[in-house]
Each structure stands twice: as C-alpha cells, then as structure tokens.
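Colleague: The structure's right below; bear with me while I get my questions together.
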Amino acid sequence: MTQIQGGGRTYTGVERAAVLMMLVGDDEAAAILQKLDPEEVRQLGKAMFNVADVSEAEVEDVLDDFVGHARQRTAIGFDPRPKIEGMMTKALGPDKADSVLARITPTEAACQVDLLDWLDATEIATMIETEHPQVAAIILANLDSSVAAKVLEILPEHVQPEILHRVAKLGPITPEAVETLNSMLSNRAGRTGGSSAALQLGGTKEAAKIMQSARKATEARVMPKLHKIDKDVARAIEEAMFVFDNLLDLDDKSLGTLIRNIDTDTLVRALKGVEEPIRNRFLGCMSSRAADGIRDEMESRGPMRLSEVLDAQKAVIAIARGLAKDGSIMMGGGDDDYV
C-alpha cells in the first residue's frame, strides 16, 4: 500500500483517503461511501477515527501527496463521531450504519477482540469451546460472519443452537463480561487487558449473517433445535436470513413452480412494491396471458399500503421456504448456499 510521511507520522493510502473524507461535506462523503463495499466502508471508517487529530501541515501533505515533514502540528481537535455517524447513516441507512459503527467505533473498554483477527477458526473454536456459551456468543458476534460460521461449525454440535440463540439475544455487555473476555484473550496472546465498559454486540441480524455463511447441513441441524429453545428468535433469524429480492436467484423452473403455488391476490400485492426489473423477472416465468392479467390487476388496484405489500412478500417467502424444504424448488447457487 502506498504510504507518505507527514510530521513524523506515516500515512497509509486508507488513512489519506480518511483525511480527505473528513474534509469534504457530508453529502459528498455519503456519495463516496455508497460506492464502497462493506469491508472498504469498515476500513475507511476505522481510519477516520485514527486521523481525527491530523494537523494542518499533515492535511497539506495528504492533499499534495508530498513526502516531507510537516511545518507545525496544530491539531484540528474535534470529536469525529457526529460527522462519521452522520455520513454513514446518510450513505447506508440507520440499520447498516449501526452495524458498521458497532464494529469500528472506539470504546473505553479497550476490549482485545482485535486479537481474534490473527487467529484462524480452529484456534478460536479451541479457545472458546470450554467457555460459557455467553462468552462464545460475544466472540462470534465480533467476528466476520463467514469466520463466525466456521467457528460455530467446529464447536460441539450440542452447544451450537444455544450459542446462536445467545448471539441473537446479545445487547449491552457488562463490564464484568468484557473483563472476562479481555482476560481470556490476554492469556491467549500473552498480553494484559485494559479498562472495561459496557459494549453493544450481536442481535438477530448478526445471528442471521452467521447462519447465511454456514453450510446447509449446519443450518438444517441448528435451526430446528433453536426453534425448540426460542421460536420467536428462530423465526426472526429466518426472516433476516432471506428477503424477497433473494428469490431472483431462483432458476426459471423453480421460480415458475413458486409462482404456481401463490394465489393471484398475494402475487399482485407482493409485486406491487418491487422495481420493474424484479417484476419482469417474475412475470417472465409466466405465460403472456397470465402476465398480462397480473399487470392489469396491479394497475387497477392503484396505490397500496406498504404494510400490505410487505405482508404479501413475507407470505411468498414462506411459501418458497416450504417448497425448498420439501425439495420442490432449489434455492441458492451452490451446495453451501442458504436454502
């Protein structure tokens, strides 16, 4: 990665980009963030916190892309949180912004979960397999969903549903729990922990991401057991795992089968709230006569409440899940994809 020297400090390419992001307006910054993938957003967000005290001279070095020493450090000295939170929310929406900020915002806890980035899934599973399920859940909630899925699959099968349930129910983490986590990670890395504070981790969406990244066999084994532990949480995870747009991944044969199992009223309401390309994908799997009938029905109904549309889409998803479970349709692009 290209680096420049400024005021005795070496700036990476990401940090230089972060300095520029802090200088532009929220609208411009949001427009840039919208063009980045999630990992790039996380990296840039972390860097923005790191360069919040950049000096004027260092700003000049970044803008000029010039290697040299800054003339005089004069810290800008502002709290970057409101600006970063504002641009993230504007670019990604409240839910996605909260998810990103939860991973990048510095806390007073000095929690050493960043040490996990240096461990592979097997090492992490070995480290937490004898810990309390709550500790394991906190660890999984801090990992990338694909890594968390691998760790969950390695852990003993009988604890997997309970850990996933705890991930979905996580919220504020007490200082005592953070201290335990710090102690465990410090012992693993030979380091000492810092002070503790409450953390906010996990949730239904995090649990759903882990399941989405897991293999089909893991989902088929874990989710029925989770339903026995907590039906509401299990249903919430399943709803978060699959949204209406995912139906576009179906091949024409499977999508046609799904459409034949949906009554006309539900299909009309579900398609009323989607964009034209998605609507055409559905109608393209029907006969011309049937497709024209659906279009006419949607047009004749006029405006429709969003709640009606969402309820209809949930009904379609439920039908799709049922057809997938009995083998009538195939959902997902590969053996390890979600069904």
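The values are calculated or read from the model by the stated rules, or taken from the named source; none is laboratory data. All values reported here derive from a predicted model rather than from experimental measurement. Cβ sites come from the backbone with ideal geometry, for glycine too, and all protein chains shown count toward neighbours.
Colleague: Quick one: would you say A324 is closer than 23 Å to K209 by Cα, without any contact (Cβ under 8 Å) to a residue 40 or more places away in the chain and exposed (fewer than 15 other Cβ atoms within 10 Å of the Cβ)?
Modeller: no
Colleague: Just for the stretch 75-98: of the residues that are modelled with pLDDT under 70 and among the small types (G, A, S), which one is surrounded by the fewest Cβ atoms within 10 Å (Cβ to Cβ)?
Modeller: Taking the candidates together, the pick is G77.
Colleague: Taking the stretch 35-58, which residues are free of Cβ contacts under 8 Å to residues at least 40 places away in the same chain and either part of a helix (DSSP H, G or I) or not assigned by TED's automatic domain parsing to the domain that holds V19 (or both)?
Modeller: Listed by number, the residues that qualify are E39, E40, Q43, L44, A47, M48, N50, E56.
Colleague: Being assigned to a helix (DSSP H, G or I), aliphatic (A, V, I, L, M), more than 23 Å from the chain's Cα centre (by Cα) and over 27 Å from T204 (Cα atoms), is that true of even one residue in the stretch 309-331?
Modeller: no
Colleague: Let me ask another. I'd like the full set of residues that are modelled with pLDDT under 85 and small (G, A, S), limited to the stretch 271-320.
Modeller: Scanning the stretch 271-320 gives G273, G302, S307.
Colleague: Which one of these does L63 not meet: (1) farther than 18 Å from R16 by Cα; (2) in a helix (DSSP H, G or I); (3) modelled with pLDDT under 70?
Modeller: (1)
Colleague: Residues E131, E179, E123: which one is modelled with pLDDT under 85 and not in a helix (DSSP H, G or I)?
Modeller: The conditions single out E131.
Colleague: Another question, then. If only one of L283, L250, L258 is out of contact with any Cys (no Cβ under 6 Å at 6 or more places or on another chain), over 18 Å from A324 (Cβ atoms) and of a type outside the set (S, T, N, Q), which one is it?
Modeller: That would be L283, the only listed residue that is out of contact with any Cys (no Cβ under 6 Å at 6 or more places or on another chain), over 18 Å from A324 (Cβ atoms) and of a type outside the set (S, T, N, Q).
Colleague: Report the residue count in the stretch 291-317 for those that are farther than 12 Å from T264 by Cα and in contact (Cβ under 8 Å) with a residue 40 or more places away in the chain.
Modeller: Count: 6.
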